[in-house]
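A short write-up of the structure that comes next.
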Amino acid sequence: MRLPLSDVEALLDEFGSPLFVVWEKELRHKAHRVLQKLRAEIPNGVCAYSYKTNPVLGVCTILHQEGYLAEAVSTPEYRAARRMEVAPNQIVLNGPYKGSAMQEALITGALVNLDSEADLADAEDICHQHGEACGVGIRVNTAIGDLPWSKFGFSLDSGDALAACRRVTQSPWLRLRGLHVHIGTNILDAELYRIVAARLAVLFRDAGIGRDDADSGYVDCGGGFAVEDAIPIGVDPEEWRVPRTEDYFAAIRSGLCDEGLEPDVTVVLEPGRLIVANAMSLLTRVVALKTIDGRRSVIVDGGVNIVPSAHYMKHPIRVVRADDPSENIWDVYGPLCTQYDVLSVGVRLGTLAKGDILQVDCVGAYTIGFAAQFAYPRPAVILWRGGGRPRVANPGDVGRHVCQGLHPGWN
Ligand SMILES: Cc1ncc(COP(=O)(O)O)c(C=O)c1O
């Protein structure tokens, strides 16, 4: 999204620089298209938005308005979903530590995916005390490609996952509703989803999910769908070939169908990056120009503390003004007192002057949640609605630095 310089100047005057801007129209469009493509491949498919990818409440609210369920991995995320009036049966609760949300989630019918023996024992206790059996899912991990995600859930390959399913079915206090897996992030090979979906379908059948139940059960294949602009540093852009969204979904359908999973089983996906990566940019002002190690270098007022993903991916960066013909290449540094505060190297930005504004794109995923106060507070996040007044999306701790709370009266 490109705004005229006058609009961008007005935004920074009002909300300060640097500033995160969520592009509401782009976000809605992407969310809508992804859901459409999912339904075209898998009519029983639903998307639960992975909150941690970008937990700005304005973003989550928009995605719920677009028909997304919530995927929460902690008590604060679960409570945020409830505050936004997401019904419990529209919330997926994942994660190795679910905290106090587990009780309410179980009793009110959220999709709770158990991650460990400890989770299983807690769930059984809670339901026993409640005096009624509650539904749960089992999270599994499985070796696939060279993906390293073995920390979560029960191992499917060792038989632990089937044993956990049996423990649930034998418990008078638990009912097995479904299975969950999340194989990683930014995955370029759609075939991996076919393989993992097929493995889940086999376990689903072996565990007898939905066999004697009015509820036909669910298979949750997690997120991980890659984004074209999220090219990791060191990867040749030519090698970064992202499957079409529909190819991921077709692969999942095919894996489930190959193993004869009934079409009435609900298929849950938990996209994060795919939905929000391109829906947010950072606006940041040039504060100094330098020659560093013989290279043209620019220092801006937003650093890697607020765009930590700059450590591992090359964000597109442009100057907010009419293109100029100059071919000048720049290294872009943030304002922090560390040599590692580099937003990008070798960016064609043309002629630059102090006060110019740069737009860093594709910062919607894993940026705001990981953003740290380091020397500066976290910036404001606003929703750009394509006209009218922008809304502040997530006031939170914006504009306040940890230093400001150190001494009474120092604010
Ligand atoms: C359980 C789970 N679901 C969904 C996601 C979202 O992943 P992505 O942003 O790669 O789609 C994550 C991210 O780590 C996750 O852990």
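Computed values, structure above
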read-out: Spatially proximal lysines relative to LYS30 (Cα-Cα < 19 Å; intrachain offsets below 8 disregarded); value: LYS52
read-out: Separation of alpha-carbon centers, the range 274-299 and the range 149-169, rounded to whole Å; value: 45 Å
read-out: GNM top mover of MET84, MET313, MET280 - the chain, alpha-carbon springs below 10 Å; value: MET84
read-out: Value of [θ]222 nm, deg cm²/dmol, for the chain, DSSP H segments ≥ 4, -39500 (n - 2.57) each, nearest 500; value: -8500 deg cm²/dmol
read-out: Cα lying deepest toward the dipole's positive end in the chain, options GLY294, VAL46, VAL34, charges on Cβ; value: GLY294
read-out: Additional length obtainable on full extension of the chain from MET1 to ARG211, 0.36 nm per residue less Cα span; value: 70.7 nm
read-out: Test item: Cα-centred dipole of the range 34-120, Lys/Arg +1 and Asp/Glu -1 on Cβ, debye; value: 240 debye
read-out: Helix axis angle, 24-41 relative to the chain longest principal axis, alpha carbon, degrees; value: 30 degrees
read-out: Net charge dipole size for the range 42-271 [Lys, Arg +1 and Asp, Glu -1 on Cβ; Debye, nearest 20]; value: 480 debye
read-out: Long pairs among LYS37/LYS98; LYS290/LYS354; LYS25/LYS314, criterion Cα-Cα beyond 21 Å; value: LYS37/LYS98; LYS25/LYS314
read-out: Net dipole in debye of the chain [+1 Lys, Arg Cβ; -1 Asp, Glu Cβ; about Cα centre; nearest 20]; value: 980 debye
read-out: Taking the chain and dividing mean pair separation by its residue count, relative contact order in percent (alpha carbons under 8 Å, at least six apart); value: 19 percent
read-out: Solution diffusion estimate, µm²/s, Stokes-Einstein, the chain, Kirkwood Rh from C-alpha pairs, 20 °C, viscosity 1.002 mPa s; value: 94 µm²/s
read-out: Principal semi-axes in Å for the range 23-161 [√(5λ), Cα gyration tensor, largest first]; value: 27, 20, 14
read-out: Whole-Å semi-axes of the range 156-251's equivalent ellipsoid (Cα gyration tensor); value: 34, 13, 10
read-out: Ascending count of other beta-carbon atoms within 10 Å, so fewest first, for ASP119, ASP258; value: ASP258, ASP119
read-out: Gyration tensor verdict on the range 1-94 (Cα atoms; rounded if a/c is under 1.5, prolate if a/b is larger than b/c, oblate otherwise); value: oblate
read-out: Among CYS257, LEU192, VAL363 - extreme Cα towards positive end, dipole of the chain, charges at beta-carbon; value: VAL363
read-out: Sites ALA121 and LYS25 - FRET efficiency at Förster radius 51 Å, r taken between beta-carbons, to 0.05; value: 0.65
read-out: Highest to lowest packing among 12-20, 204-212, 385-393, 178-186, scored as the average C-beta count within 10 Å; value: 178-186, 12-20, 204-212, 385-393
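Readers should treat all values here as calculations from the given coordinates under stated rules, not as data from a laboratory. This is a predicted model, so every value here is computed, not measured. Glycine gets a Cβ as well: all are built from the backbone with ideal geometry, and neighbour counts include every protein chain shown.
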